[in-house]
1. Please report, in cubic angstrom per residue, the volume enclosed by the convex hull of the alpha-carbon atoms of the chain.
2. If you count only protein heavy atoms and use a 1.4 Å probe, how large is the accessible surface of residue 30, to the nearest 10 Å²?
3. Under the 0.36 nm per residue contour assumption, what length would be gained going from the current alpha-carbon distance of residue 24 and residue 103 to full extension?
4. As a test question: what accessible area, to the nearest 10 Å², does residue 97 have when a 1.4 Å probe is rolled over all protein chains in place?
5. Taking R0 as 22 Å, what FRET efficiency do you get between residue 121 and residue 45 from their Cβ-Cβ distance, rounded to the nearest 0.05?
6. For residue 57, what accessible area in Å² do you get when you roll a 1.4 Å probe over the heavy atoms of the protein chains, rounding to the nearest 10?
7. Would you work out the charge dipole size for the chain about its Cα centre, treating the Cβ of every Lys and Arg as +1 and the Cβ of every Asp and Glu as -1, and quote it to the nearest 20 debye?
8. Alpha carbon centre of segment 21-78 versus segment 1-17: separation in Å?
Amino acid sequence: WELVFHHVATLTLILCSFYENILMNGTLVLYVHDVSDIFTYATKALVDTPTTVGALTSYAAMLGTWAYYRLYAFPVTAILPVWSVSPERMKLPFTQILLPSLLVLHVYWYGIMIWLGYRYATNGVLSERRKKEL
């Protein structure tokens, strides 16, 4: 459910940025997600391969890009400027709810990523699929 909500909220924010003629907000939402998704998908791909070094390198890059782009840059560059605009001046004020909702999901998923790294550090297994193959 959270991934569906994330995609609906992201698409809604991008469309609203066009409707409200605040293209910077839609561009920031796209940029923040695109940069961090590179390492997220690389980690997903490498975790099921025999190259542990590649998976761990990609995992470290994923944590770094998520921390900077989704947990720091996103709130500072997208949420705070929108919250400084009064709801009366906005055509669609519900964007002030969707942006923090995305941030909550980012924090939730970052916690899951940290937990997966902790699980690897304690058990030595990158994924359940690789555990079954061993």
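The values are calculated or read from the model by the stated rules, or taken from the named source; none is laboratory data. None of the values given here were measured: they were computed from a predicted structure. In this analysis, Cβ positions are derived from the backbone assuming ideal geometry, glycine residues included, and neighbour counts consider all displayed protein chains. Note: areas computed on protein heavy atoms with side chains; ligands, DNA, RNA excluded. Shrake-Rupley method; radii C 1.70, N 1.55, O 1.52, S 1.80 Å.
1. Spread over its residues, the Cα hull of the chain gives 99 Å³ apiece.
2. It works out to around 80 Å².
3. 26.7 nm
4. Accessible area of residue 97: about 110 Å².
5. Details: r = 21 Å, r/R0 = 0.96.
According to the calculation, E is roughly 0.55.
6. The accessible area comes out at roughly 90 Å².
7. The calculation lands at about 280 debye.
8. 17
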